[in-house]
1. At Ser7 and Asp155, where each label point lies 7 Å from the Cα along Cα→Cβ, what is the point-to-point distance in nanometres?
2. For region 336-427, which trypsin sites (Lys or Arg not before Pro) are in a loop by DSSP, counting at most 13 other Cβ atoms within 10 Å?
3. List the lysines whose Cα lies under 18 Å from the Cα of Lys234, skipping any in the same chain that are fewer than 8 positions away.
4. For region 103-119, take each phi angle, set θ = phi - 60°, evaluate the Karplus expression 6.51 cos²θ - 1.76 cosθ + 1.60, and give the result in whole Hz per residue in order, putting x for glycine and proline.
5. Run the reach check for Lys132 against aspartates and glutamates, Cα to Cα strictly under 13 Å, same-chain hits fewer than 8 apart removed. What comes back?
6. Averaging over every viewing direction, what projected area does the convex hull of the Cα atoms of region 55-109 cover, in nm²?
7. Where only protein heavy atoms count, and the probe is 1.4 Å, what is the accessible area per residue for the chain in Å²?
8. Count neighbours as other Cβ atoms within 10 Å of each site's Cβ, and list the GluC sites (Glu not before Pro) in region 86-149 that are DSSP loop with at most 15 such neighbours.
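The values are calculated or read from the model by the stated rules, or taken from the named source; none is laboratory data. Bear in mind the structure is a predicted one, so any value in this text is a computation, not a measurement. Here the Cβ positions follow ideal geometry from the backbone for every residue, glycine too, while neighbour counts run over all protein chains shown. The accessibility values were calculated without ligands, DNA or RNA, using every heavy atom of the protein model including side chains. Shrake-Rupley method; radii C 1.70, N 1.55, O 1.52, S 1.80 Å.
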Amino acid sequence: MRFSLSSTGLHAWNGDVLAVGLPQGDVDATATALEQRFAGITDALKQQEFKGKPGDQLVITPLGGGPQRLVVLGLGESDGIDTDRLRGAAARAAKASIGCEGNLGLHLPWTGTDATEAARICAEAVRLCLYKDQRFRKEPDPRRIPDALELIDLDPAAASGFTSVNATCAGVELARELVAAPPNVVTPAALADTAAGMARDHGLELKVLERSDCEANGMGAFLAVSQGSDLPPKFIHLIYRPEGEVKRRVALVGKGLTFDSGGYNLKVGAAQIDMMKFDMGGSAAVLGAMRSIAELKPAGVEVHMVVASCENMVNGSAVHPGDIVTAANGMTIEINNTDAEGRLTLADALLYACEQKPDAVVDLATLTGACVIALGDEMAGLWSNNDDLAEALDAAAQSGGEGLWRMPLRQSYRDGLKSLLADMKNTGPRPGGSITAALFLKEFVAKDTAWAHIDIAGPVWSDKGKGVNPAGATGYGVRTLVNWVLAQS
Ligand code: BES
Ligand code: MN
Ligand code: ZN
């Protein structure tokens, strides 16, 4: 998508769809300005009792020359127009533009936010909103959507806000496509192929460990999860090396279960087995972030992406509930529940990531239903052993418009993972289930390494769609990770 700034003013802007935001209390003044161009608009707004409330929206097809469509958006109280409100307004404008080709002009009250930030946020929102996945239809619906966005009357210096937008959105869209694709398409081998394609197209370095390599490395926790599947596991390590000096090294680890049946602790009842294609959402987020990073080429920061990918299935060789397995560091784990498989794969992935001697490790995983119960589908949970890292991730999520909420690593709950026979069990009691899951992961992180775990089980998917997300896969996590990595360069 093309992004630009326009200084024509509302009256002279000549494009295809014009979207104008009106704050509450400011309706009359802006309406008067619009009236010069669109005669009758003041009456139309009055008739609709348009007050500028957040949900208010008027779409008209002006007769005569000029834009084919005029969209008037209510923005709510004028003193509280922050970045979230701008993002939401840009998203509504984009949705209201569907059906028109050409360019979309957007005019919002720009004063509350840094102009460069405003440009970035609106551009991101519009591109992300207009995305539609039609890969699996025999006949895709013909779509008419704008291919250019012009922000009207924004400070000319703001154009630098556009520079990262297309690369970031391409990463989000890759993540959405990986998550949305069914489990007979996105297999562990398909994730490895995606990484190989990125390595080839963007000059990244790639290592894929096959089952035999993982055996040689003693990755018994990861391999135990994969052993009931007919598909071979793939352990994927993708590396971005900056030109010049490396000042910081970070690792991004993603849970990559391309299908989670639960294993012999089969998902039944309300467990939504049919949605468990999205259990590779963490790996989609880190692959998407690598896609963006490869294009943006941040200086000074080396990025290691690690994904231990497999399926959790049932057959005659699948893990029995009760099996004791050994992770790559020699720690023994009693698998008291085969459905707590993500943490087993992450155990070996985190051990491997820490061997790269990173300054910080961040893992993303659709790890627990408990986290969805706690935070719903608009926020991921964040656990960290390092306050600076937690704050940096919080800022990165905020600037990307992704909900993130810090949760406690309450050490006393670690007792819930004690096993009679092995060093630990993989599952504790149901209460606080997302916390014990995080405490389990912590066991596999090198003591002096800053680490954060983000449970994305809720926001990986949006049933109805909301804000910048169409219904379905959201691509959650890419913007947070990209912003976080860029902030370190
Ligand atoms: N992939 C699931 C977590 C999940 C559940 C994500 C529902 C999204 C929606 C994970 O592997 C899992 O099954 N976790 C169990 C853990 C339990 C057995 C301790 C869960 O949350 O029920
Ligand atoms: Mn599971
Ligand atoms: Zn799972």
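1. Taking the two extended label points, one gets 1.4 nm.
2. Numbers: sites: Arg343, Arg406, Arg410, Arg414, Lys418, Lys425; in loops: Arg410, Lys418.
In loop regions of region 336-427 (DSSP not H, G, I, E or B), the sparsely surrounded trypsin sites (Lys or Arg not before Pro) are Arg410, Lys418.
3. Lys207, Lys255, Lys277
4. 10, 9, x, 10, 10, 10, x, 8, 5, x, 10, 3, 4, 5, 4, 4, 5
5. Filter leaves Asp141, Glu173, Glu177.
6. Values: hull surface 16.5 nm².
Result: 4.1 nm².
7. On the way: 19720 Å² over 489 residues.
Counting only protein heavy atoms, the per-residue value for the chain is 40 Å².
8. Values: sites: Glu101, Glu117, Glu124; in loops: Glu101.
Sites meeting the loop and neighbour criteria: Glu101.
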